[in-house]
Amino acid sequence: MEDNKITDAIDTIRANWPPENRTMLIEALTLAIGALEKQMHKKPIMKDWSPAFCPSCGKELSELIGDGYYKHWTNRNICDCGQKLNWG
Ligand SMILES: [Zn+2]
């Protein structure tokens with residue numbers, strides 16, 4: 001799925017948000033938006049001399065290779081939490 005189509009879908013859901021008394025529907029839509037957001041590629045959080053982290057769950061996506069250097073798992077296109085990754 002293309003990222004811009006997902007953004008459009010989320011915008012459409014938000015623009016048609018149900019009234020507050022529709023709690024079950026709101027819960028379902030909130031869950032759906034969360035799942036859709038993970039389908040959009042996001043950059044891992046990266047800083048110098050630090051491991052990379054998943055922008056959704058915070059899981060470390062690197063391994064320490066010594067002397068403060070980290071090898072980022074750039075061959076991973078998806079985190080264990082389902083977040084799609086874009087290493088840029
Ligand atoms: Zn994650």
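Values computed for the structure shown
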item	result
Shape call, the range 1-40: gyration tensor on alpha carbons, a/c limit 1.5	oblate
Lysine pairs in the chain with Cα atoms under 23 Å, if 8 or more residues apart or on separate chains	19
Full-extension gain in nm, Asp8 to Asp67, via 0.36 nm per residue minus C-alpha separation	16.8 nm
Computed Rg/Rh of the chain, alpha carbon atoms with Kirkwood Rh	1.13
Cα-based shape type of the range 41-88, given that a ≥ b ≥ c are square roots of the gyration tensor eigenvalues and the cut on a/c is 1.5	prolate
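Where a number appears in this text, it was derived from the coordinates with a stated rule and is not lab data. On a predicted model such as this, the values are computed, not experimentally measured, just so you know.
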